[in-house]
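The values are calculated or read from the model by the stated rules, or taken from the named source; none is laboratory data. The structure presented is a predicted model; accordingly, all values stated were derived computationally and were not measured. Because the Cβ atoms are built from the backbone with ideal geometry, glycine has one as well, and the counts that use them run over all protein chains shown.
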Amino acid sequence: MRGLTRGLAVALVVAAAVPDTRPAGAAGAPAAPTASGTHRFQAQREPELKELLQKIVSSADCFTDRYEAEVWHNAMEPRLRSFVATYEDRVDILDHVYCEAKRDPDLTLPPDLVLAVIEVESRFDPSAVSRSGAVGLMQVMPFWPSRLGMRDQLIRTAPNIRMGCEILRYYFRAEHHDWARALARYNGSVGHRGYAQLIIDRWQHAWHF
């Protein structure tokens, strides 16, 4: 987490941003560049995701090292105060982000990157719904969740973060650990660097752990 991967560094090259179509967020948070409605609507529909989501939602809760979790909470909880009103909700988000980011020991996600995704996608609003239909903290597209009877879970913190992290991990693996391409596929903005650029910028300058 302390250095940029080669793919991530490439994403930091200045590029034209995708037009901003969302309102300004809490505490002046930047609005997410979005793909066209059609492209975002088609995002997260790979057939492989059906099995992954079905498996991950039915799996047991994960556990993390107590000391590491405490260090994580102490570092990140103050940064969430301008987005999330109550201490309990802040800790709940931090618990699930840290846990789900590290669920797969063969391919862990940087939990601070996940926070950057949540900020840009939903401004930490669990009930957020985009014009393309993406739902919740990590703006999970409801295509597979609906077919698996999980749509109602998308506004809940734990299953939304669990599904969002699994989808992001799937793209990160598919794109051979290239964050820029993985993030673009998550958002449905392949071919545009604005979204990945914004996520990486927030990761490095607002959420770096």
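Set side by side, the residues GLY149, GLY164 differ, and just one is surrounded by fewer than 18 Cβ atoms within 10 Å (Cβ to Cβ) and closer than 20 Å to GLU46 by Cα, which is GLY149. For the stretch 121-145, how many residues are part of a loop (DSSP other than H, G, I, E, B) and modelled with pLDDT of 95 or more? Total satisfying the criteria: 10. Among residues of the stretch 97-120 being of a type in the set (D, E, K, R) and not in a loop (DSSP other than H, G, I, E, B), the one that is surrounded by the fewest Cβ atoms within 10 Å (Cβ to Cβ) is ASP112. Within the stretch 64-78, the presence of a residue that is crowded, with 16+ Cβ neighbours inside 10 Å, modelled with pLDDT of 95 or more, within 19 Å of the chain's Cα centre (by Cα) and part of a loop (DSSP other than H, G, I, E, B) is excluded. Taking the options ARG173, ARG193, name whichever one is of a type in the set (Lys, Arg), crowded, with 21+ Cβ neighbours inside 10 Å and over 28 Å from ARG81 (Cβ atoms). Criteria check complete, one pass: ARG193. ALA85 meets each of the listed conditions (1) of a type outside the set (S, T, N, Q); (2) in a helix (DSSP H, G or I); (3) surrounded by 11 or more Cβ atoms within 10 Å (Cβ to Cβ); (4) without any contact (Cβ under 8 Å) to a residue 40 or more places away in the chain apart from (2). Filtered by the rule that a residue be β-branched (Val, Ile, Thr) and out of contact with any strand residue (DSSP E or B) (no Cβ under 7 Å at 6 or more places or on another chain), the stretch 122-162 gives VAL140, THR157, ILE161. Anything in the stretch 199-209 that is of a type outside the set (S, T, N, Q) and surrounded by fewer than 23 Cβ atoms within 10 Å (Cβ to Cβ)? List them, or say none. Result: ILE200, ASP201, ARG202, HIS205, ALA206, TRP207, HIS208, PHE209.
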